[in-house]
Each structure stands twice: as structure tokens, then as C-alpha cells.
Amino acid sequence: MEDFDEFIQARGDALLRYGYVLAGNSEDAADLVQEALARLGDAWFRVRKKNDPEGYVRTIMVRLHVKSWRRRHREDLVAAVPEHGGLDQYSDAALWAALQELPRRQRAVVVLRYYEDLPDQEIAEILGVSRGTVRSQAARALDKLRIKYVFQEAR
């Protein structure tokens, strides 16, 4: 189990940043990382032999993120709407503000494609969708981001 602890120490911060980009806040990011690492711990000996434990954790994080989105039916319920949005140290304000408005699946595709630099086929496998769905979700996300950017620039 020493290798597992070393992996967490070496890659924990990067996984937390990745979770933040997916989830949009530090609490959900920490939950994603914690749940993914718990699942990795259960499968450590099997995953370690394949020499890609980080890929395994990132895949779990994306699937957990999409699963929670499906469970909520695209609703993000809050007790009270804050006066001002808050950003953590992991974010670039402009990027996060734009990504936050995308539906979760589109956000996951954008993160996997442009943050992780994964090919469409691998993204499709991670999300459990077809390659065409990945492409259409990416195109829709980019269109939304372009529209938002052009609208803000026109102000």
C-alpha cells in the first residue's frame, strides 16, 4: 500500500485541480477526488499493474461527475443564492465563469478535450457515449462559449 500513498502524495493536488475544473467548486472537487481514490484503493493492485492509476482515477471522476448531473436532472438546488460568486485558487475567473454555464456533459467534454488533451475516441469511452456524441457536445459547448464571449465583448 506504500505505492498507493506515494501516488496520492504525488498526484493529489493535480487531481484536486482536475476535480475543480469538472465540478466548479472545491467541495465537490474534494468529494470527487475522495470517492475516486477510495475506488482506486479497492482496485490498486489490479490498476497498478496497468501502469496508469491516474487515468483510472480521472475516468472515475468524470463518470461520477456525469452521474451526479444525471441524478440531479440538471438542477443545482441551493438554499440561498449568494450575492457574489466566489472562486477558489484553482480557477481562472474568465474560464470558469464561461465553463460554469455549460451543461455538465458539455463541460466534461470540453475539460477532457482541451484540459486533458484526450482524443474523441477516448473521451467517448470515458463518458460511455459515441464518438459522434462527443463531437456534437464539443461543438455545442464551443458555440455557447463563443456566443457568450461575443455578447460580453459587445457590451
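The values are calculated or read from the model by the stated rules, or taken from the named source; none is laboratory data. The model shown is predicted, which means the values in this text are computed figures rather than measured ones. Methodologically, a virtual Cβ is constructed for each residue, glycine included, from the backbone with ideal geometry; neighbour enumeration extends over all protein chains shown. Protein only, heavy atoms only, side chains kept; ligands, DNA and RNA dropped before computing areas. Shrake-Rupley method; radii C 1.70, N 1.55, O 1.52, S 1.80 Å.
Conditions tested, residue by residue: (1) open to solvent by 40 Å² or more (accessible area, probe 1.4 Å); (2) in contact with a helix residue (DSSP H, G or I) (Cβ under 8 Å, 6 or more places away or on another chain); (3) of a type in the set (Asp, Glu); (4) modelled with pLDDT under 90.
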position	(1), (2), (3), (4)
ILE123	no, yes, no, no
GLN137	no, yes, no, no
ARG146	yes, no, no, yes
GLU153	yes, no, yes, yes
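Please determine whether any residue of region 20-39 is modelled with pLDDT of 80 or more, more than 17 Å from VAL110 (Cβ to Cβ), assigned to a helix (DSSP H, G or I) and among the aromatic types (Phe, Trp, Tyr).
Checked against the condition, which is being modelled with pLDDT of 80 or more, more than 17 Å from VAL110 (Cβ to Cβ), assigned to a helix (DSSP H, G or I) and among the aromatic types (Phe, Trp, Tyr), region 20-39 yields no hits at all.
Restricting attention to region 47-58, which residues are surrounded by 11 or more Cβ atoms within 10 Å (Cβ to Cβ) and either at pLDDT 90 or above or basic (Lys, Arg) (or both)?
Matches in region 47-58: ARG48, VAL57, ARG58.
Among the residues of region 89-106, is any at pLDDT 90 or above and either open to solvent by 50 Å² or more (accessible area, probe 1.4 Å) or assigned to a helix (DSSP H, G or I) (or both)?
yes
Enumerate the pairs (first residue in region 120-141 and in contact (Cβ under 8 Å) with a residue 24 or more places away in the chain; second residue anywhere and among the hydroxyl-bearing types (Ser, Thr, Tyr) and open to solvent by less than 60 Å² (accessible area, probe 1.4 Å)) with beta-carbon separation below 7 Å, excluding pairs fewer than 6 apart on the same chain, so at least 6 apart or on different chains.
ILE126/THR59
If you take the residues of region 17-46 that are aliphatic (A, V, I, L, M) and open to solvent by 40 Å² or more (accessible area, probe 1.4 Å), which of them is farthest from SER68 (Cα to Cα)?
ALA38
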